[in-house]
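Below: one structure, written as structure tokens.
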Amino acid sequence: MSPMYLTGQETTSSTLSFMLAEAGKHPEVENRLVQEAEDILGSHQYVSYEDLSNLNYMGLAMKETLRLHPSVPAFTRVMEKDGELGGHRIPAGTLINVGVYALHHSPKYWKNPENFDPERFLSQKDDNDTGCATHHAYIPFSLGPRHCIGQMFAEFEVKVLMSRFLKSFKFQLVHGQDYGYEDPKATLAPKDRIRCTLTLR
């Protein structure tokens with residue numbers, strides 16, 4: 001089994017878990033996701049390639065989930081040449097820790113950063129009322145030459161699995177569970193695995 005498959009499996013499953021939790025805590029979001037899945041998939045029991053591009057609100061909810069709960073909360077890069085950061089000289093060879101979680105929750109770049117608001121991604125222009133001041137403040141898959149090569153595959157997976165799940169099941173989050181994170185590690189995972197009860201639609 002390849003490292004790419006292992007990594008993608010863990011991070012995507014965490015994203016699906018957090019997205020389910022946020023939908024369960026925000027009924028208006030859940031209702032819109034369910035309605036979109038019904039409208040786009042109709043009576044067929046599969047998700048076509050054309051369907052993926054039409055699951056627009058699903059995409060917004062996925063982005064907002066990855067903003068609040070980035071699969072990789074931080075990563076390290078090495079300065080290849082001398083540079084400057086925040087007015088400080090950074091020599092080549094220096095390790096730079098990029099705090100993705102902190103960046104995604106920063107009020108400097110996000111309005112009401114702790115709120116789950118998928119529609120903030122409808123527009124990412126400067127000074128947008130609900131969005132972000134710069135796309136560089138949203139980096140769940142990193143940026144540049146070390147950008148995650150599995151991004152598109154992961155996004156397809158989330159849309160396929162979540163739309164099929166919501167079209168097939170009604171769910172209710174189990175009361176009293178901890179929505180925090182497991183002890184710190186390379187990736188974020190829900191502490192209680194997001195427990196819910198299911199009934200067929």
Notebook entry, point to check: When the Kirkwood hydrodynamic radius is evaluated over all pairs of different C-alpha atoms of the chain, what value in angstrom, to one decimal, is obtained?
Noted result: 18.3
Next item on the list: Quote the accessible area belonging to R32 in square angstrom, nearest 10, computed with a 1.4 Å probe and with ligands, DNA and RNA left uncounted.
Entry: 110
Notebook entry, point to check: Can you give the relative contact order of the stretch 133-201 as a percent, counting alpha carbon pairs under 8 Å and 6+ residues apart?
Noted result: 27
Notebook entry, point to check: Rounded, prolate or oblate: which one fits the stretch 138-184, using the alpha carbon gyration tensor with axes a ≥ b ≥ c (rounded when a/c is under 1.5, else prolate when a/b beats b/c, else oblate)?
Noted result: oblate
Next item on the list: Can you tell me the 0 to 90 degree angle between the C-alpha axis of helix 151-168 and the longest principal axis of the chain, rounded to 10?
Entry: 20
Note to self: Using amide H atoms built in the peptide plane, which far-off residues or other-chain residues are under 5 Å from F169 H to H?
What the structure shows: R201
Next item on the list: Could you state how much accessible area D82 has, in square angstrom rounded to the nearest 10, with a 1.4 Å probe and all protein chains kept in place?
Entry: 90
Item checked: Probe 1.4 Å, protein heavy atoms only - accessible area per residue of the stretch 23-181 in square angstrom -> 57
Checklist line | Solvent-accessible area of M152 with every protein chain in place, 1.4 Å probe, in Å² to the nearest 10 | finding: 120
Margin query: Give me the percent of accessible area attributable to carbon and sulfur for the chain, probe 1.4 angstrom.
Written below: 56
Check: Expressed as an acute angle from 0 to 90° and rounded to the nearest 10, what is the orientation of the C-alpha long axis of helix 56-68 relative to the principal long axis of the chain?
Finding: 50
Check: Can you give the relative contact order of the chain as a percent, counting alpha carbon pairs under 8 Å and 6+ residues apart?
Finding: 25
Margin query: Per DSSP helix of 4 or more residues, -39500 (n - 2.57); summed, then divided by the residues of the chain. What does that give at 222 nm, rounded to the nearest 500?
Written below: -12500 deg cm²/dmol
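The values are calculated or read from the model by the stated rules, or taken from the named source; none is laboratory data. In this text, all values refer to a predicted model and were calculated from it rather than measured experimentally. What goes into the accessible areas is simple: the full protein's heavy atoms, side chains included, and nothing from ligands, DNA or RNA. Shrake-Rupley method; radii C 1.70, N 1.55, O 1.52, S 1.80 Å.
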